[in-house]
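Quick one: structure below, then a few questions.
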Amino acid sequence: MECLKLSAAMAAASLVSSLSATSVAAQSSAAPPVLTVDPRTNGVLPANTEIALAMDDELTTKAGKLKIGQKFGLSVAKDVRVGDYIIIPRGTPAIGEIIFLTGKAAFGKSGKMEVALRYVDLNGRHIPLIGTYRQEGEGNSVATAAGVAAVGVFAGVITGRSAVIPKGRMLTAYLRESLPVAFPAKAAMPANP
């Protein structure tokens, strides 16, 4: 049990150390204040905090090149803050994964894909996320019905559309677990993080 407590404390210290590197780099520009490390003034960014993400590239079932388990890139779209302090800066990379996939098919069936939003990569530290998103291509069911009436079995050549998640599409994820943070020693702790 003591080993677990020690490991958790070491992990928290590692995260706080990782976060301080972001803080120092961000403070050198004219950006809003970013957190710095002071172990006497710790706080927490709560689990289920909303994180806005934007797709780095387009995903489509059209070419048949996507695979289940394939990773893809996203970026944090808005600074995640506690009070005036940036905890996760806008532009921080994030990773998603394809968890379900079908291509378009005969009889107007559309392509489908489902993606899971896995983590934010904050200076090499993976901050786990919760979130899934499902995209379906537009089906061609009306054309298929008309095709069946007109030409019988040849209606099978009418296909649906590919599923597409375009570059820049906004997706919402949530922190899987609470994230320990540190505030400057002279700063007042935010009342409601």
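With every protein chain left in place and a probe of 1.4 Å, what is the accessible surface of TYR174, to the nearest 10 Å²?
So the heavy atoms of TYR174 present about 80 Å² to solvent.
I've got another one for you. Accessible area of ASP57, 1.4 Å probe, to the nearest 10 Å²?
Approximately 100 Å² for this residue.
How much net charge surrounds TYR133 when only the other residues with a Cβ under 13 Å from the Cβ of TYR133 are counted, with Lys and Arg +1 and Asp and Glu -1?
Working: positive: LYS112, ARG118, ARG134, ARG169; negative: GLU97, GLU114, GLU136.
That works out to +1.
Hey, another quick one. Under the rule of at least 5 residues apart or a separate chain, name every residue whose amide H is placed under 5 Å from the amide H of ARG176.
For ARG176, the qualifying residues are ASN48, LEU129, ILE130.
Could I ask something else about it? Under 5 Å between amide H atoms, partner at least 5 residues away or on a different chain: which partners does LEU45 have, H built in plane at 1.01 Å?
Sorted by chain and number, the residues that satisfy this are LEU179, VAL181.
Something else: Would you mind putting 64-76, 91-103 in packing order, based on average other-beta-carbon counts within 10 Å, highest first?
So the order, starting with the most tightly packed, is 91-103, 64-76.
Another question, if that's okay. If I ignore ligands, DNA and RNA and count only protein heavy atoms, how much of VAL181 is accessible to a 1.4 Å probe, in Å² to the nearest 10?
We get 0 Å² for VAL181.
The values are calculated or read from the model by the stated rules, or taken from the named source; none is laboratory data. Just so you know, these numbers come straight off a predicted model, no measurement behind them. Positions of Cβ are generated from backbone atoms using ideal geometry, with glycine treated the same way; all protein chains shown enter the neighbour counts. Each accessible area value is taken on the protein alone, full model and side chains, heavy atoms only, with ligands, DNA and RNA left out. Shrake-Rupley method; radii C 1.70, N 1.55, O 1.52, S 1.80 Å.
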